[in-house]
Amino acid sequence: MQPVSREVEARTAALASASVQALYADPFWEARYGAQRARRFGDEDAVFHLRYLVQALDSQRPALLEEYARWLRTLLFTRGMCTLHLDQHFEGLAHALQAEGFGPDTLPHIYVQSAREALRHVGGPAQRLEAATPALVQDVVRRVGGELTPENRLRLEQETRLHLSYLADALALDRADLWEAHLHWYVGFWPRRGLEPLTFPHLLGALKAALGPEHAEARTLLARAPVSWEELHS
């Protein structure tokens with residue numbers, strides 16, 4: 001019987017393609033990077049994920065994939081992405097592996113889940129914010145989601161989780177400039193989320209209100225966020 005790493009390697013093309021299809025359904029990628037560029041780099045990243053997975057399996061070192069995930073997270077944040085995006089990519093890979101017969105009790109799936117766990121921030125305000133994210137998401141939805149349909153309330157939860165991920169990354173990497181760059185780009189994209197009458201400044205305001213004193217660093221960073229469309233466009 002051939003090693004499981006060879007089985008995964010032999011299915012690289014199919015696994016890579018399947019792992020990114022759900023991501024491409026999000027208009028964020030086309031809007032942020034252009035349709036052709038988003039797919040080209042997304043497809044390439046999917047193959048790289050699998051190459052590192054194969055190497056980790058060959059060496060019996062899940063840490064190899066974990067280290068790759070943490071390194072890639074830092075690189076991608078400088079290019080306009082966040083931890084949540086990378087986690088979604090690994091989640092897509094886990095689903096693709098399972099569809100090919102590599103279920104939760106197999107080493108390929110276990111290694112990918114280990115890489116996802118490695119993306120959690122360790123220590124400091126970023127870890128506190130990340131740990132509090134589920135409760136903060138629900139707080140924001142209670143504050144500003146009252147006029148939304150049930151479907152849009154779910155989308156609001158996803159949006160809130162996304163921006164909290166950007167905020168946690170900015171805290172972890174001490175890159176307030178990238179947080180601000182994200183906000184200035186996202187304001188133009190916001191209408192495509194279809195969450196009217198909710199505006200982007202309303203969401204940011206709800207985030208500010210939801211953050212308690214235990215998130216002082218996050219509050220300070222978020223306080224620098226614009227609070228009106230005019231400021232966002234300045």
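Take Ala170 and decide whether it is of a type in the set (Gly, Ala, Ser), modelled with pLDDT of 95 or more and out of contact with any Cys (no Cβ under 8 Å at 6 or more places or on another chain). So that I can check it myself, show each step before the final result.
Working: of a type in the set (Gly, Ala, Ser): yes; modelled with pLDDT of 95 or more: yes; out of contact with any Cys (no Cβ under 8 Å at 6 or more places or on another chain): yes.
So Ala170 fits the description; yes.
Within the stretch 58-76, can one find any residue that is within 26 Å of Asp174 (Cβ to Cβ) and outside any helix (DSSP H, G or I)?
no
Tell me, please, whether a residue that is in contact (Cβ under 8 Å) with a residue 40 or more places away in the chain and either closer than 22 Å to Gln88 by Cβ or among the polar types (S, T, N, Q) (or both) can be found in the stretch 222-234. Let's see the steps before the verdict.
Of the residues in the stretch 222-234, the ones in contact (Cβ under 8 Å) with a residue 40 or more places away in the chain are 222, 224-226, 229, 232-233.
Right, trim to either closer than 22 Å to Gln88 by Cβ or among the polar types (S, T, N, Q) (or both) and you get none.
Scanning the stretch 222-234 turns up no residue that is in contact (Cβ under 8 Å) with a residue 40 or more places away in the chain and either closer than 22 Å to Gln88 by Cβ or among the polar types (S, T, N, Q) (or both).
Quick one: Ala31 ticks every box in (1) touching a residue at least 60 places away in the same chain (Cβ under 8 Å); (2) surrounded by 18 or more Cβ atoms within 10 Å (Cβ to Cβ); (3) under 28 Å from Glu180 (Cβ atoms); (4) not basic (Lys, Arg) except a single one, so which number is it?
(2)
Considering each of His49, His109 in turn, give the residue that is without any contact (Cβ under 8 Å) to a residue 40 or more places away in the chain and either assigned by TED's automatic domain parsing to the domain that holds Leu178 or within 15 Å of Val8 (Cβ to Cβ) (or both).
Details: His49 fails: without any contact (Cβ under 8 Å) to a residue 40 or more places away in the chain.
When all the criteria are applied, what remains is His109.
Look at Leu198 and say whether it is crowded, with 17+ Cβ neighbours inside 10 Å and within 20 Å of Gly123 (Cβ to Cβ). I'd like the intermediate steps shown before the answer.
On the way: crowded, with 17+ Cβ neighbours inside 10 Å: yes; within 20 Å of Gly123 (Cβ to Cβ): no.
No.
A quick yes/no check of all residues on (1) surrounded by fewer than 16 Cβ atoms within 10 Å (Cβ to Cβ); (2) closer than 26 Å to Arg61 by Cβ:
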| residue | (1), (2) |
| --- | --- |
| Pro3 | yes, yes |
| Ala16 | no, yes |
| Ala22 | yes, no |
| Ala25 | yes, no |
| Glu44 | yes, yes |
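For the stretch 24-61, give me each residue that is among the charged types (D, E, K, R) and within 21 Å of Arg79 (Cα to Cα). Before the answer, list the steps.
Residues of the stretch 24-61 among the charged types (D, E, K, R): 26, 30, 32, 37, 39-40, 43-45, 51, 58, 61.
Listed by number, the residues that qualify are Asp26, Glu30, Arg32, Arg37, Arg39, Arg40, Asp43, Glu44, Asp45.
The values are calculated or read from the model by the stated rules, or taken from the named source; none is laboratory data. These numbers were taken from a predicted model, which means no experiment stands behind them. Don't worry about glycine lacking a Cβ; one is built from the backbone with ideal geometry, like all the others, and counts go over all protein chains shown.
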